[in-house]
Amino acid sequence: MTEPLRYPDVWAAHLPPGGDPAALDLTARRSLPAAWAANRAAAPERPVLHDRVRGWLTNGQLEAESAAVAARLHAAGLRPGDRFLMSAASSAELVVAHVAALRLGLVVVPTNTAYREREIAHILHDADPAGAFVDDEERAAWIRAARPGTLVVGPDVALPDAGGAPAAASASSPAPLDAVAPSDPAILGYTSGTTGAPKGAVLSHGNLLASAEAVALAWRWTAADRLLLCLPLFHAHGLCVGLHGTLLVGASAVLRPGFDLDGVLDAIAAHGATMFFGVPTMYHRFAASPRAGELRWLRLCVSGSAALPADLHVRLQETAGQRVLERYGMTETLMNVSNPHDGERRPGSVGLPLPGCEVRLAGSGESRGAEGEIQLRGPNVFAGYWRNDEATRASFTGDGWFRSGDLGTLDPDGYLRILGRAKELIISGGFNVYPREVEDVLLAHPAVAEAAVVGTPSAEWGEVVTAFVVAADPAAPPAEQELVAHCERELAAFKRPRLWHLVDGLPRNALGKVLKHDLTPPIGS
């Protein structure tokens with residue numbers, strides 16, 4: 001193990017002047033729903049959320065509408081602890097339903113809108129949700145087919161209220177709202193691994209609150225801030241950092257349905273945004289744009305979900321006047337490490353452990369600068385995987401530290417650098433892709449005998465999914481377009497290979513394991 005960082009001394013780098021790291025209690029407010037309710041009650045007329053269809057919603061409207069949705073879900077039979085799958089594009093209605101679900105004590109299961117029927121079916125059978133919120137009839141049909149009897153609602157949540165009246169009826173609910181305990185489950189986040197199907201990480205209300213409180217402190221996030229939020233709300237970056245943090249500090253957010261550079265920059269100016277959260281792919285496009293200088297109006301730009309290249313960090317400072325703040329998080333732990341707001345934002349480093357989070361490197365000896373697996377501990381770290389005791393045991397050390405599977409090194413002054421992943425996870429455009437799933441899809445094609453999938457470094461995407469394929473019949477190899485069409489039917493767009501290599505065979509060791517580090521494109525490809 002590395003020489004331990006000095007906690008709480010290291011946390012002081014993230015606190016405002018005069019802050020006492022020894023006095024931190026990141027779960028003092030018990031839960032996000034309780035903290036959010038207090039903010040809404042204190043300033044009911046304050047604008048909190050903007051989308052392009054509805055315009056601005058106030059705290060008072062969010063209070064009334066989320067209570068009404070909670071009442072309808074309760075009247076339909078949903079109870080605290082029930083899983084509630086949510087798969088929809090960013091909108092005010094999605095936020096209202098998410099807030100309602102957490103207020104009621106449901107366990108939200110965020111699900112990527114790009115997932116196809118096979119991918120959604122896995123989550124449905126594993127999570128066993130009692131209800132689902134979707135904005136697409138095809139997805140709704142898949143859910144009904146896979147799990148007959150599941151309550152499926154659209155953005156209007158068109159259900160009777162608690163008294164049996166029409167959907168637009170009273171917001172009163174017979175169920176207690178905002179009464180969850182810190183230990184109660186809040187989110188079941190399906191996370192990528194290196195083999196097999198995704199696992200569900202059970203995040204408690206205490207986990208969500210501790211992480212949001214830590215980043216609010218570290219990034220000087222206040223009610224005066226306005227976040228331009230174009231990250232999807234089925235991803236922890238957009239949901240658990242962007243949305244949850246906004247509501248916790250009583251700030252406001254402008255929702256965008258996706259990233260389009262001109263639209264984002266126009267919205268920043270039109271709404272007076274002060275913050276932007278993005279992934280390296282977005283920042284790559286900003287840096288290449290003649291409008292990059294317009295980012296100067298923001299007080300803070302944050303990058304996450306994949307490594308931000310050091311040269312891109314420098315280029316953004318030169319072209320956009322922004323020292324982008326890079327941080328490090330995971331589905332199982334939410335936010336762990338961040339470059340400091342007031343101190344040095346070091347290119348190529350994810351920074352220092354956030355308040356409450358502890359970091360150590362396993363297998364790196366005693367000296368700084370040595371490589372080791374990043375291990376984590378703190379109130380932000382989940383307790384285990386859903387119905388998977390074996391995976392839970394394997395993910396924690398005997399003394400209670402979470403094994404991240406990522407490799408890192410600590411600079412002499414405690415800044416963490418991510419060197420790579422002990423696992424084979426691919427991160428493309430901020431989304432996690434695990435090779436085994438893509439390989440299984442390729443092997444299901446009758447013209448494919450063998451397949452191996454790896455990540456190829458990309459300045460724009462971080463990594464692109466790359467497939468090496470061995471034909472079942474070398475005399476009649478499959479056409480690339482045939483394989484592309486096959487993957488389009490079975491995989492979300494971000495999981496589909498972008499680079500294809502037809503090879504005669506895959507390199508293997510004596511035990512038959514594919515040596516992925518030895519994979520090289522054929523000459524002339």
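With a bin width of 10 angstrom, please list the P(r) values of the chain as percents of all Cα-Cα pairs, from the 0 bin to the one holding the largest distance.
4, 18, 29, 28, 16, 5, 1, 0
How many percent of the accessible area of region 1-132 is carbon or sulfur, using a 1.4 Å probe?
On the way: 2580 of 5000 Å².
Accessible surface attributable to carbon and sulfur in region 1-132 totals 52 percent.
What's the FRET efficiency of ALA447 with HIS517 using the Cβ-Cβ distance as r and R₀ = 30 Å, to the nearest 0.05?
Numbers: r = 27 Å, r/R0 = 0.89.
Calculated value: 0.70.
Provide GLU358, GLU488, GLU318 ordered by accessible surface of protein heavy atoms (probe 1.4 Å), highest first. Intermediate values should be presented prior to the final figure.
On the way: GLU358 45, GLU488 85, GLU318 130 Å².
Order by accessible area, largest first: GLU318, GLU488, GLU358.
Could you tell me how far the Cα centroid of region 228-265 sits from the Cα centroid of region 477-503, in Å?
For region 477-503 versus region 228-265, the Cα centre distance is 31 Å.
For a quick check: with amide H placed at 1.01 Å from N, whose amide H comes under 5 Å from PHE396's, ignoring anything fewer than 5 positions away on the same chain?
Placed amide hydrogens put ARG403 under 5 Å from PHE396.
What ranking, highest mean first, results for peptides 217-224, 443-450 when packing means the other Cβ atoms within 10 Å averaged over each residue? Intermediate values should be presented prior to the final figure.
On the way: 217-224: 18.5, 443-450: 15.2.
Order by mean packing, descending: 217-224, 443-450.
What distance in nm separates the simple spin-label points at ALA223 and ASP399, each placed 7 Å from Cα in the Cβ direction?
Between ALA223 and ASP399, the simple spin-label model gives 4.4 nm.
Sort 229-236, 131-138, 333-340 by the packing proxy (mean of other Cβ within 10 Å over each peptide's residues), most packed first.
Working: 229-236: 24.2, 131-138: 18.6, 333-340: 25.9.
Ranking, from highest mean packing down: 333-340, 229-236, 131-138.
Got a number for the accessible area of LEU24? Probe 1.4 Å, square angstrom, nearest 10.
About 50 Å², ignoring ligands and nucleic acids.
So how far apart, in nm, are the two label points at ASP9 and ALA76 if each is 7 Å from Cα heading toward Cβ?
5.5 nm
Helix-only estimate, please: 222 nm mean residue ellipticity of the chain, summing -39500 (n - 2.57) across DSSP H runs of length 4 or more and dividing by its residues, to the nearest 500.
-8000 deg cm²/dmol
Collect residues whose amide H, placed 1.01 Å from N in the peptide plane, falls under 5 Å from the amide H of ALA253; neighbours closer than 5 in sequence don't count.
Close amide H contacts, sequence-distant or interchain: LEU49, HIS50, LEU227.
Given Cα pairs under 8 Å that are at least 6 residues apart, what percent is the relative contact order of the chain? Show your work: numbers first, answer last.
On the way: 1160 pairs, mean separation 72.7, N = 525.
Contact order relative to length: 14 percent.
Skipping prolines and chain starts, which residues have an amide H placed within reach, meaning under 5 Å, of the one on GLY348, given they are 5 or more residues away or on another chain?
When sequence neighbours closer than 5 places are left aside, the close amide H contacts are ALA310.
Based on the Cβ-Cβ distance of ALA391 and VAL484, what FRET efficiency does E = 1/(1 + (r/R0)^6) give at R0 = 45 Å, to the nearest 0.05?
Numbers: r = 33 Å, r/R0 = 0.72.
About 0.85, to the nearest 0.05.
What is the Cα convex hull volume of region 370-525 when expressed per residue in Å³?
On the way: hull volume 29.0 nm³, N = 156.
About 186 Å³ per residue, rounded to a whole number.
Using 0.36 nm per residue, how much length does the chain from ASP156 to ALA43 gain when fully extended, once their Cα-Cα distance is taken away? Please report the intermediate quantities before stating the final value.
Numbers: separation 113, 0.36 × 113 = 40.68 nm, distance 2.56 nm.
Here the segment from ASP156 to ALA43 would lengthen by 38.1 nm.
Going by average Cβ density within 10 Å per residue, which order do the peptides 454-461, 473-480, 378-385 take, highest to lowest? All intermediate terms of the calculation are to be shown ahead of the outcome.
Details: 454-461: 16.6, 473-480: 11.9, 378-385: 22.2.
For the peptides 454-461, 473-480, 378-385, the packing ranking is 378-385, 454-461, 473-480.
Please give, to one decimal in nm, the separation of the simple spin-label points placed at TRP297 and SER183, each 7 Å out from Cα toward the Cβ.
4.9 nm
Looking only at the chain, where both bridge partners belong to it, what percent of the DSSP beta bridges are antiparallel (to the nearest 5)?
On the way: 48 of 78 bridges.
The antiparallel fraction comes to roughly 60 percent.
I'd like the FRET efficiency for ASP20 and GLU138, computed as 1/(1 + (r/R0)^6) with the beta carbon distance as r and R0 of 60 Å, rounded to 0.05. Walk me through the numbers on the way to the answer.
Details: r = 53 Å, r/R0 = 0.88.
E(calc), rounded to 0.05, equals 0.70.
The values are calculated or read from the model by the stated rules, or taken from the named source; none is laboratory data. Here the structure is a predicted model, which means the values were calculated and not measured. As a convention, Cβ positions derive from the backbone with ideal geometry for all residues, glycine included, and neighbour counts pool all protein chains shown. Calculation scope for accessible area: heavy atoms of the full protein, side chains included, ligands and nucleic acids excluded. Shrake-Rupley method; radii C 1.70, N 1.55, O 1.52, S 1.80 Å.
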